[in-house]
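Undergrad: Please see the structure below; I have some questions.
None of the figures in this text is laboratory data; all of them are computed from the coordinates on show. All values reported here derive from a predicted model rather than from experimental measurement. Quick reminder, even Gly has a Cβ in these numbers, built from the backbone with ideal geometry, and neighbours come from all protein chains shown.
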């Protein structure tokens, strides 16, 4: 009993982690950000569609692994062709690595042949914190009812080697296929890996 | 110590050292020769530029642990990397565990009993690592060492004594880990518990990487961690490294399923 009281007391003292906690099975929180074309976009505008969130930093070698190999672009193209909305989000703080404006984001998209629905700019890190985005890449999948169904790493082998992509389980196509077939999501969370998101200090 | 290292480098072939961006990586041997039937200690020596770091076995919220792939002759076997106690690297909302400055990662190599004194052993090691300050740069280096086999053990490199002192010390402390809602509480009991200032969990996907709340009550030290967002099921046991200032200890506690 004393142990429980003690733990309860500490629960109030212990500071909550600074990144918010979203949970699989819970509604994904709404947000509004400006895209690379200067247009305001909200998660809620895509209700009724499956939405993939992809945290991005063009200068991170882990992002480079998945774009340099064409893996990310292929997954974006396959998903959007099937009616899925793919939102790439950049939460690098102003002046930190990866921080880009709309024009630079569009140049990056053209250069790598990216196929997302929109590239959203989050320089204050507000949405990154809301979702608890900690690495680039870091992935989330939201179903048509707005419920979070996957969060975590892009695949199962934590490395910067492009050779590992073919050997790894790619979680996003797997989740999308299971959602499309009405099956339970077999892997709902996987530890994300990558560079830390460059939040402001 | 630097003179000894310089002497070692004169003896070693150039491929034993690689000066990658921001970290110099080299392969060191504790002794100048290998002895048949005796475990030899080799080590990956990392010299970081100021403010740059590489990662511990559990890198924390981001990053990658350093990995070594060995090329050894038949009959030789490499053990696991001995990880010196890491530093906590606080990047605001994100936490990492790793190393700055100079660190040696020792690895035991089993030398077969029938190895022939007077011959030379060719050992290869490919080191993969991520060196970061704010930005991160992946590194991959191929290192080699050609070491003579000798019946006699010769003078040791002081570098390894320092590394051994930085490895967490084994303990006989008792304790357990329990899950309470979204917290993980580790209790440690022992007459000789030091004033623990920080703790790092080796297992990934168990705890949130923020510093735990540490309290002492009647000879029991309690470490209260928030649960990881990626926690799925409790493992049978939890491995931690606890620190009191410059000293560190490794602890293994069973994970108790009852609240």
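Undergrad: If I take R0 = 41 Å and measure r between the Cβ atoms of residue B:217 and residue B:164 in this structure, what FRET efficiency does the formula 1/(1 + (r/R0)^6) give, to the nearest 0.05?
TA: Working from the Cβ atoms, E equals 0.80.
Undergrad: If you fit an axis through the alpha-carbon atoms of helix A:171-180 and take the longest principal axis of the Cα set of chain A, what angle between them do you get, 0 to 90°, nearest 10?
TA: Tilt of helix A:171-180: around 90 degrees.
Undergrad: If you count, for every residue in A:54-64, the Cβ atoms of partner chains within 10 Å of its Cβ, what is the mean?
TA: Per residue, the number of nearby Cβ atoms from other chains is 2 on average.
Undergrad: Which of B:172, B:162, B:233 ends up with the largest GNM mean-square fluctuation for chain B, with Cα atoms connected below 10 Å?
TA: B:233
Undergrad: In peptide A:186-196, what is the residue-averaged number of other protein chain Cβ atoms found within 10 Å of each Cβ?
TA: 5
Undergrad: With both partners inside the stretch A:34-196, how many of the DSSP beta bridges are antiparallel, as a percent to the nearest 5?
TA: 55
Undergrad: Another question about this same structure. Given the -39500 (n - 2.57) contribution per DSSP H run of 4+ residues, what per-residue ellipticity at 222 nm results for the protein assembly as shown, rounded to the nearest 500 deg cm²/dmol?
TA: -5000 deg cm²/dmol
Undergrad: Using 5 Å bins from zero, what percent of all Cα-Cα pairs in the stretch B:153-259 falls into each bin?
TA: So the P(r) values, bin by bin, are 2, 12, 22, 23, 16, 10, 6, 4, 3, 2, 0, 0.
Undergrad: Once you place label points 7 Å from the Cα toward the Cβ at residue B:189 and residue A:166, how far apart are they in nm?
TA: Placing both labels 7 Å beyond Cα along the Cβ direction yields 5.6 nm.
Undergrad: Report, as a whole number in µm² per second, the diffusion coefficient that Stokes-Einstein gives for chain A at 25 °C and 0.890 mPa s using the Kirkwood radius over alpha carbon pairs.
TA: Stokes-Einstein gives a translational diffusion coefficient of 141 µm²/s.
Undergrad: For a quick check: sort B:102, A:54 by the number of other beta carbons within 10 angstrom, fewest at the front.
TA: The most exposed by this proxy come first: B:102, A:54.
Undergrad: Let me ask you something else. If one computes P(r) from the Cα atoms of the stretch B:47-100, what percent of pairs lie at distances over 15 Å?
TA: Beyond 15 Å sits 54 percent of the P(r) for the stretch B:47-100.
Undergrad: How far is helix B:2-11 tilted, in degrees, relative to the longest principal axis of the Cα atoms in chain B, given as a value from 0 to 90 rounded to the nearest 10?
TA: 50
Undergrad: Residue B:39 to residue A:145: FRET efficiency via 1/(1 + (r/R0)^6), r the Cβ-Cβ distance, R0 60 Å, to the nearest 0.05?
TA: On the way: r = 59 Å, r/R0 = 0.98.
After rounding to 0.05, the efficiency reads 0.55.
Undergrad: Just to be sure I follow: if Rg is taken over the C-alpha atoms of the stretch B:86-196 and Rh is the Kirkwood radius over the same atoms, what is Rg/Rh?
TA: Radius of gyration over Kirkwood radius for the stretch B:86-196 works out to 1.08.
Undergrad: Can you put A:100, A:172 in order of Cβ neighbours within 10 angstrom, beginning with the fewest?
TA: Values: A:100 20, A:172 25.
In order of increasing Cβ crowding within 10 Å: A:100, A:172.
Undergrad: Same structure, new question: By per-residue mean of other Cβ atoms within 10 Å, what is the highest-first order of B:183-193, A:104-114, A:177-187? Don't skip to the end; give the middle numbers.
TA: Details: B:183-193: 17.4, A:104-114: 15.6, A:177-187: 12.1.
Ranking, from highest mean packing down: B:183-193, A:104-114, A:177-187.
Undergrad: Now for a different question. Across the stretch B:2-166, what fraction of all alpha-carbon pairs, as a whole percent, falls in each successive 5 Å bin from zero upward?
TA: 2, 9, 18, 21, 19, 14, 8, 5, 2, 1, 0, 0
Undergrad: Report the gain in length on full extension from residue A:181 to residue A:77: 0.36 nm times residue separation, minus Cα-Cα distance, nm rounded to one decimal.
TA: Extra length available between residue A:181 and residue A:77 comes to 35.5 nm.
Undergrad: Next question, about the same structure. Can you bin every Cα-Cα distance in the protein assembly as shown into 20 Å intervals starting at zero and give me the percent of pairs per bin, rounded to whole numbers?
TA: 23, 49, 26, 2
Undergrad: A follow-up question, please. What nm distance separates the two modelled labels at residue B:231 and residue B:120, each placed 7 Å from Cα along Cα→Cβ?
TA: Modelled inter-label distance: 5.5 nm.
Undergrad: Let me ask something else about it. In which sequence would B:181, B:176, B:61, B:198 go, from the one with the fewest C-beta neighbours within 10 Å to the one with the most? Don't jump to the answer; show the numbers that get you there.
TA: Details: B:181 10, B:176 15, B:61 24, B:198 19.
Listing B:181, B:176, B:61, B:198 from fewest to most nearby Cβ atoms yields B:181, B:176, B:198, B:61.
Undergrad: Can you tell which of B:235, B:74, B:148 shows the greatest fluctuation in a Gaussian network model of chain B with Cα springs below 10 Å?
TA: B:74
Undergrad: Oh, and also: Can you work out the FRET efficiency for the pair residue B:203 and residue B:72, with r the C-beta to C-beta distance and R0 = 35 Å, to the nearest 0.05?
TA: Between residue B:203 and residue B:72 the formula returns 0.75.
Undergrad: The stretch B:54-99 to the stretch A:145-190: how many Å between their Cα centroids?
TA: Result: 26 Å between the Cα centres.
Undergrad: Now a separate question. Taking chain A as a Gaussian network, where each spring joins two C-alpha atoms under 10 Å apart, which residue of A:123, A:29, A:58 fluctuates the most?
TA: The residue that fluctuates most here is A:29.
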